[in-house]
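To keep things clear, I will list the structure first and then write my remarks on it.
Computed from the coordinates by the stated procedures, all read-outs in this text should not be read as laboratory data. Nothing here was measured: the structure is a model prediction, and the numbers come from that model. Please note: Cβ atoms are built from the backbone with ideal geometry, for glycine as well, and neighbour counts cover all protein chains shown.
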Amino acid sequence: MRIDSDSTHGWQVRVYRHGKTYSKLFSDRRHGGKEEAFSKAVAYRERLEEEVAALPEAAPRRRLIRSNKNNATGVVGISRTFKRDRRGVKHEVYAVSWNPEPGVARGTSFSIKKYGEDEAFKQACKLRWEKMKEIYGDRYEVPSFHDLYRQKRDVDAAARREGRAKGGRGRGGPSGPPAGGPSAGTKRAGRRQRTSG
């Protein structure tokens, strides 16, 4: 994988095995340029894959939770909540959580005020996806963090449909005069009959 950021330029090698990530960066500067760094990264990856494949089988696999119907964002491990700053002021955030090991919890959050609603959720999805790939490797079958990002759109659309359905039921109902008395038209007809008789 190619990395080009403000301070880092190089090739990142990552191999997943038994829920563990093996990673190494081959920077352009330290390895003689872009092409040379790429060649060394490819050679390293081939050796690493052979070494990792020879490792003994891991302990029984951890349970991988893929969905939670009570999650309003549509993504397991991401929730829209509040976080207090040092002054005690509450701010809306998207909180991300993961378990690198059984019984060990980790987490962070992305401020909606700082990033905006959409970008904060996107950043949360990206981090969640990266952590799940590190922990579960190939067992985590979500191809990209964009797939997590789209899940919230589907949940929001379903919520809107449900809201419209409930609103329709509230406005609907049988037509006709209310129970307990005749309609206004019936009363007017009765008065006309009495005055003309």
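Region 107-148 and region 1-24 have Cα centres lying 17 Å from one another. When the charge dipole of region 78-156 is built from unit charges on Cβ atoms (+1 for Lys and Arg, -1 for Asp and Glu) and taken about the Cα centre, the candidate among Met132, Ser111, Asn99 whose Cα reaches farthest toward its positive end is Ser111. Summary value for region 2-53: 30 percent relative contact order, contacts being C-alpha pairs under 8 angstrom separated by 6+ residues. Averaging the sequence gap over all C-alpha pairs within less than 8 Å and six or more residues apart, then dividing by the number of residues, gives region 78-156 a relative contact order of 22 percent. Taking only the Cα atoms of region 2-53, the radius of gyration and Dmax are 11.6, 35 Å.
Please report the net charge: other residues with Cβ closer than 14 Å to the Cβ of Phe38, K and R +1, D and E -1. My count for the surroundings of Phe38 gives +2.
Within a straight-line Cα-Cα reach of under 19 Å, Lys20 can be paired with the following lysines, leaving aside sequence neighbours fewer than 8 residues apart in one chain: Lys126, Lys131, Lys133. When Rg and Dmax are taken over the Cα atoms of region 78-156, they come to 13.5, 43 Å. For the residue pairs Lys34/Lys114; Lys90/Lys114; Lys34/Lys122, the alpha carbons lie more than 25 Å apart in Lys34/Lys114; Lys34/Lys122.
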